[in-house]
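*Asks:* Pasting a structure below so you can have a look.
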Amino acid sequence: RSFGYSQKHAILVPAAALGVGGMLVYWLRSRHKIKTIEMSDGWWGSGERPMKGKEDESIRPFRIETSDKEIEDLHRRLDQTRYTPHVEGAAFHYGFNSSYLQKVVAYWRNQFDWRKQVEVLNKYPHFKTTIEGIEIHFIHVKPSYVPHGRAVQPLLMVHGWPGSFYEFYKIIPLLTEPASHGLNEGDVVFEVICPSIPGYGFSEAPHKQGFDSVAAARIFHKLMNRLGFKEYYLQGGDWGSRITTNMAQMLPQCVKGLHLNLVFIPVRGLRRIFSVMLGAYAPWLVGFTQEDAHRIYPFIQKNIYDVLRESGYLHIQATKPDTAGCGLNDSPVGLAAYILEKFSTWTNKSFLQRDDGGLESKYTLDELLTNVMIYWVTASIVSSMRFYKENFTKDPDLNAISRIGVYVPTGIAAFPQEITHTPQVWTKEAYKNIITYSYMPRGGHFAAFEEPKLLAQDIMNFVRKVEHL
């Protein structure tokens, strides 16, 4: 009996140890398992999804075109605009100064050449392809020359609101032909893909409710896969930042690196509030650099008052976008005022004090009006505004990013005139693998449009480091 008991004990103890050990290993592995967003699938086309037949996956060349009728209609509407006299001395404090608006419209009506700008837009190859029932527009620019032995890195760049794919026209040659622009000796060369977010510009608007940044991320992954890429770099600001972040959270194995020029992590929770309070007196105790402190303080002014002043549009678009949108879709001057006001104060907060909003100190009227025309000729302002409602309905504080985390190599370019500044110590809470974090010397929200060379240099520096990890 004693022998039998010992033999049974000899079998049970190792088995129990093995079971406990297995559970411990599983627990340890599950702790380090990277959470991801489910890829899933979607259908955004009109009507029901076809039961039979495969979606047309062809990639079709596309050209932007215009007509006499389109231009004549625009001119007629510009000629019939009614203006409201501005408040004396108000500059841009009440929004777009109506006296300066009349100057912009006069240029638009009498000097702006839309046909010429269409030629400018068509200088890069445009394409369309159907994904999840809607047509997706994108430009795809390859380098004309690649130094021997150099790998071409695919880079997807995603715009935001109220921008467009046109924001990247000045940075594209710097990325695809860097050596000829004095940026480097050709050790980092890109081919650049710039899609239009569905509902923006020449990408078809979703016909169903619920199209958010996760849906856009999935569609852009499918686009890159359709173009034959298995691994690629991502870059974005504004909504482009959220979409590319979602892409990194969805298929991290496909994302070689993520570069952002906007990171928004809301200030909430006692620990974060305590760090804000203490950081005003001893920034180093809470991980702030001197530059962080300079950019976020005085905190109430820069992060509450300034943000509230600049975010009135957001509350409209996140609740009932179609109401305000129908007026903007019918009036080119209303549309221009609505969009261009953002290119003023989001480029530099001090432009609020100027009668002309400082617009022509950073951009030309041809550049600004070309971006407006992309919204006008495609009648896409309403569908672009709906993107806010779809996202804020599902994630009111836009904080889902922090709950999942981003583990791919990440580069951050923090521009000083951005709407809000996120210190690196806060950024690390969501982006777990930051390779570069750069305090840019100048520039605001529309980085690629305003400071293309600075942004290109930072992207290259980031990719160079990732490639040598």
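*Asks:* Return yes when Asn110 is surrounded by 14 or more Cβ atoms within 10 Å (Cβ to Cβ), among the polar types (S, T, N, Q) and out of contact with any strand residue (DSSP E or B) (no Cβ under 7 Å at 6 or more places or on another chain) and no when it is not.
*Replies:* no
*Asks:* When the residues of the range 272-329 are filtered to those that are small (Gly, Ala, Ser), in a loop (DSSP other than H, G, I, E, B) and within 30 Å of Arg386 (Cβ to Cβ), which remaining residue is modelled with the highest pLDDT?
*Replies:* Ala318
*Asks:* Ok, one more. Pick from Ile71, Ile59: which is over 27 Å from Ser344 (Cβ atoms), open to solvent by less than 80 Å² (accessible area, probe 1.4 Å) and not small (Gly, Ala, Ser)?
*Replies:* Ile59
*Asks:* Okay, moving on. Taking the conditions exactly as written (farther than 24 Å from His126 by Cα, within 22 Å of the chain's Cα centre (by Cα) and touching a residue at least 24 places away in the same chain (Cβ under 8 Å)), does Ile243 satisfy them or not?
*Replies:* no
*Asks:* Being in contact (Cβ under 8 Å) with a residue 60 or more places away in the chain and in contact with a Pro (Cβ under 9 Å, 6 or more places away or on another chain) is the filter here; which residues of the range 151-164 pass it?
*Replies:* Leu156, Met157, Val158, His159
*Asks:* Take Phe202 and decide whether it is part of a loop (DSSP other than H, G, I, E, B), in contact with a Lys or Arg (Cβ under 8 Å, 6 or more places away or on another chain) and hydrophobic (A, V, I, L, M, F, W, C).
*Replies:* The answer is yes for Phe202.
*Asks:* All but one of (1) acidic (Asp, Glu); (2) surrounded by fewer than 18 Cβ atoms within 10 Å (Cβ to Cβ); (3) modelled with pLDDT of 95 or more hold for Glu390; state the number of the condition that does not hold.
*Replies:* Against the list (1) acidic (Asp, Glu); (2) surrounded by fewer than 18 Cβ atoms within 10 Å (Cβ to Cβ); (3) modelled with pLDDT of 95 or more, Glu390 comes up short only on (2).
*Asks:* So Ile419 clears everything in (1) outside any loop (DSSP other than H, G, I, E, B); (2) within 21 Å of Gly160 (Cβ to Cβ); (3) at pLDDT below 95; (4) open to solvent by 40 Å² or more (accessible area, probe 1.4 Å) except one condition, right? Which one?
*Replies:* Answer for Ile419: the failing condition is (1).
*Asks:* Next up: If Pro198 satisfies every condition in (1) touching a residue at least 40 places away in the same chain (Cβ under 8 Å); (2) over 23 Å from Ser402 (Cβ atoms); (3) open to solvent by 10 Å² or more (accessible area, probe 1.4 Å) but one, which is the exception?
*Replies:* Status for Pro198: all satisfied but (3).
*Asks:* For Pro252, are the conditions met, namely being surrounded by fewer than 24 Cβ atoms within 10 Å (Cβ to Cβ) and either charged (D, E, K, R) or at pLDDT below 95 (or both)? Steps first, please.
*Replies:* Working: surrounded by fewer than 24 Cβ atoms within 10 Å (Cβ to Cβ): yes; either charged (D, E, K, R) or at pLDDT below 95 (or both): no.
Considered against the rule, which asks whether it is surrounded by fewer than 24 Cβ atoms within 10 Å (Cβ to Cβ) and either charged (D, E, K, R) or at pLDDT below 95 (or both), Pro252 comes out as no.
*Asks:* Considering the range 219-245 alone, what residues qualify as being open to solvent by less than 10 Å² (accessible area, probe 1.4 Å), in a helix (DSSP H, G or I) and either touching a Lys or Arg at 6+ places or on another chain (Cβ under 9 Å) or among the charged types (D, E, K, R) (or both)?
*Replies:* Passing the criteria: only Met224.
*Asks:* Which of the residues spanning the range 135-168 are surrounded by fewer than 21 Cβ atoms within 10 Å (Cβ to Cβ) and small (Gly, Ala, Ser)?
*Replies:* Result: Ser144, Gly149, Ala151.
*Asks:* Another question about this same structure. Of the numbered conditions (1) without any contact (Cβ under 8 Å) to a residue 12 or more places away in the chain; (2) assigned to a loop (DSSP other than H, G, I, E, B), Arg268 satisfies every one except a single condition; which is it?
*Replies:* (1)
*Asks:* Please enumerate the residues belonging to the range 341-387 that are touching a Phe, Trp or Tyr at 6+ places or on another chain (Cβ under 7 Å), part of a loop (DSSP other than H, G, I, E, B) and open to solvent by 30 Å² or more (accessible area, probe 1.4 Å).
*Replies:* Listed by number, the residues that qualify are Arg354, Asp355, Asp356.
To keep it simple, each residue is scored yes or no on (1) over 19 Å from the mean Cα position of the chain (by Cα); (2) under 21 Å from Arg295 (Cα atoms); (3) without any contact (Cβ under 8 Å) to a residue 12 or more places away in the chain.
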{"site": "Pro416", "(1), (2), (3)": "no, yes, no"}
{"site": "His421", "(1), (2), (3)": "no, yes, no"}
{"site": "Tyr431", "(1), (2), (3)": "no, yes, no"}
{"site": "Thr436", "(1), (2), (3)": "no, yes, no"}
{"site": "Phe449", "(1), (2), (3)": "no, no, no"}
{"site": "Asp458", "(1), (2), (3)": "no, yes, no"}
{"site": "Glu467", "(1), (2), (3)": "yes, no, no"}
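The values are calculated or read from the model by the stated rules, or taken from the named source; none is laboratory data. The shown structure was predicted, so the numbers you read here are calculated from the model rather than taken from an experiment. When we count neighbours, we look across all protein chains shown, and the Cβ atoms used for this are built from the backbone with ideal geometry, even at glycine. The area values use the complete protein model at the heavy-atom level, side chains included, leaving out ligands, DNA and RNA. Shrake-Rupley method; radii C 1.70, N 1.55, O 1.52, S 1.80 Å.
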